[in-house]
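Colleague: A single structure is presented below for examination.
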Amino acid sequence: MGEDGRWRAGAYGSGRGVNGEYMCMRCGWYECGRVRRLSKRFPRIAFTLLLALLYRQLQAPAPKICGTPGGPPVTGPRIQLKDGRHLAYYESGVPKDEAKHKIIFVHGFDSFRYDALQVSPELAHELGIYMLSFDRPGYGESDPHPARTEDSIAFDIEELADSLQLGPRFYLIGFSMGGEIMWSCLKNIPRRLAGVSILGPVGNYWWSGYPSNVSTEAWYVQRPQDQWAVRVAHHAPWLTNWWNTQKLFPASSVISFNPAIFSREDMAILPKFAFRTYAGQVRQQGEHESLHRDMMVGFGKWGWSPLEMEDPFPGGEATVHLWHGVEDLIVPVQLSRYIAERLTWVRYHELPTAGHLFPIADGMGDTIVKSMLLGDDE
């Protein structure tokens, strides 16, 4: 480079060298043409690397599947479905072959098969109740189901019932996220149902049929961080894992078990739920295929709406009971209240002082089951 700051020809003669080098006459360093071309490409390379890192951050870790190398052990009975997945289950009540009423319980968010509705031994023997609960896909010891949809779980339940030979018809009880699943069962397998109880069901704010004032009122019962978590699960499900594991700002308060989401009555009941000795088994296969998948499906884009369903039992073959607590701060009562107004074939039970955890209150299991089996509205 001369006094004028220009590059001079290198050792290969005048102009550019055979390899495209230019030499600085002051220091003797060469500028290679390949280096100059690389410097022009650097922003694109950096952007590509940044995208790769971002993509890696957004990917959920692979689940630790029970019974596989490095995964949790299988400790209870399971059935194998037609697609090869396993469902773990738990039986309680009277022996199946002595039962007059066979009930399948579907657990809620962040729960599993041992969280079945508690029915007293006295009532179970009096009415001949057999209770079957199971781990929903990705929870406990049931295999994950990445292709899960709003409809698929109904057919899992039907296959479970057939594998355990429950007969042509059985009862269903679902709580919270399991309550939302009851609508799928009513739509897809009504011929198999002898009766259904829906307890504090999660509602999808985007189901068609909700008036805007109802969905808006319910929406703002949620804490702001839960509004965002639900919004992400609906509009950008591919962000759900990152959103609920990042530390930049608050994610789902339901996942973090924030005490602010529980009503006064919930707080009195909470120790029964919070100090479960088996709680560590609930998420043991990973949070994405259990908690996050629940959110992605439950708040996702459904192909149909429960609010547009016709009576699945026009001949009175079975009854559908819907229970909800007015003080529920997790699943706003406004959604269930409107469903009950619109679907006149649903028998609605509104509990004026109860929160979300009312099904685990002392004696409530007996009340719910008696109402479904005997028609009592106690």
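Colleague: Check off (1) at pLDDT 95 or above; (2) in a loop (DSSP other than H, G, I, E, B) for residue 276 and give me the number that stays unchecked.
Modeller: Unmet for residue 276, out of (1) at pLDDT 95 or above; (2) in a loop (DSSP other than H, G, I, E, B): (1).
Colleague: While we're on this one: Among the numbered criteria (1) in contact with a Phe, Trp or Tyr (Cβ under 7 Å, 6 or more places away or on another chain); (2) open to solvent by less than 10 Å² (accessible area, probe 1.4 Å); (3) assigned to a loop (DSSP other than H, G, I, E, B), which single criterion is violated by residue 354?
Modeller: It is condition (1) that residue 354 fails.
Colleague: OK, next. Identify the residue in the stretch 319-348 that is touching an Asp or Glu at 6+ places or on another chain (Cβ under 7 Å) and in a loop (DSSP other than H, G, I, E, B) and, among all such residues, is nearest to residue 374 (Cα to Cα).
Modeller: 345
Colleague: Failed condition for residue 168, given (1) in a loop (DSSP other than H, G, I, E, B); (2) closer than 24 Å to residue 260 by Cα, with all others met?
Modeller: It is condition (2) that residue 168 fails.
Colleague: Do the conditions hold for residue 326, that is, is it β-branched (Val, Ile, Thr), on the phi < 0 side of the Ramachandran plot and open to solvent by less than 10 Å² (accessible area, probe 1.4 Å)?
Modeller: Considered against the rule, which asks whether it is β-branched (Val, Ile, Thr), on the phi < 0 side of the Ramachandran plot and open to solvent by less than 10 Å² (accessible area, probe 1.4 Å), residue 326 comes out as no.
Colleague: For residues that are of a type in the set (S, T, N, Q), under 27 Å from residue 73 (Cβ atoms) and touching a residue at least 24 places away in the same chain (Cβ under 8 Å), scanning just the stretch 129-164, find the one that is surrounded by the most Cβ atoms within 10 Å (Cβ to Cβ). Let's see the steps before the verdict.
Modeller: If we filter the stretch 129-164 for residues that are of a type in the set (S, T, N, Q), which is where we start, we get 133, 142, 149, 152, 163.
Those left that are additionally under 27 Å from residue 73 (Cβ atoms): 133, 142, 152, 163.
Next cut, touching a residue at least 24 places away in the same chain (Cβ under 8 Å) only: 133, 142, 163.
Working: 133: 24, 142: 27, 163: 15.
It comes out as 142.
Colleague: Quick one: which of 117, 123 is at pLDDT 95 or above, open to solvent by less than 40 Å² (accessible area, probe 1.4 Å) and part of a loop (DSSP other than H, G, I, E, B)?
Modeller: Numbers: 123 fails: part of a loop (DSSP other than H, G, I, E, B).
From the options 117, 123, the qualifying one is 117.
Colleague: Separate question: Just checking, how many residues over the stretch 44-95 are open to solvent by less than 90 Å² (accessible area, probe 1.4 Å), in contact with a Phe, Trp or Tyr (Cβ under 9 Å, 6 or more places away or on another chain) and modelled with pLDDT under 95?
Modeller: Total satisfying the criteria: 3.
Colleague: Being outside any loop (DSSP other than H, G, I, E, B), more than 23 Å from residue 367 (Cβ to Cβ) and of a type in the set (Lys, Arg), is that true of even one residue in the stretch 295-318? Quick ask: steps written out before the conclusion?
Modeller: To start, the set of residues in the stretch 295-318 that are outside any loop (DSSP other than H, G, I, E, B) comprises 295-298, 306-308.
The next check asks that each one be more than 23 Å from residue 367 (Cβ to Cβ); those that pass are 295-298, 306-308.
Keeping just the survivors that are of a type in the set (Lys, Arg) gives none.
Taking every residue of the stretch 295-318 in turn, none turns out to be outside any loop (DSSP other than H, G, I, E, B), more than 23 Å from residue 367 (Cβ to Cβ) and of a type in the set (Lys, Arg).
Colleague: When you go through (1) in contact with an Asp or Glu (Cβ under 6 Å, 6 or more places away or on another chain); (2) assigned to a loop (DSSP other than H, G, I, E, B); (3) not basic (Lys, Arg) one by one for residue 143, which number turns out not to apply?
Modeller: Only one criterion is unmet by residue 143, namely (1).
Colleague: Is there any pair with a first residue in the stretch 271-296 that is under 14 Å from residue 72 (Cβ atoms) and open to solvent by 30 Å² or more (accessible area, probe 1.4 Å) and a second that is modelled with pLDDT of 95 or more and part of a loop (DSSP other than H, G, I, E, B) whose Cβ atoms are under 6 Å apart and which are 6 or more apart or on different chains, and what are they?
Modeller: 281/140; 284/72
The values are calculated or read from the model by the stated rules, or taken from the named source; none is laboratory data. Because the structure is predicted, anything quoted here is derived from the model rather than measured. As a convention, Cβ positions derive from the backbone with ideal geometry for all residues, glycine included, and neighbour counts pool all protein chains shown. We work out accessible area using only protein heavy atoms, side chains counted, and drop any ligands, DNA or RNA first. Shrake-Rupley method; radii C 1.70, N 1.55, O 1.52, S 1.80 Å.
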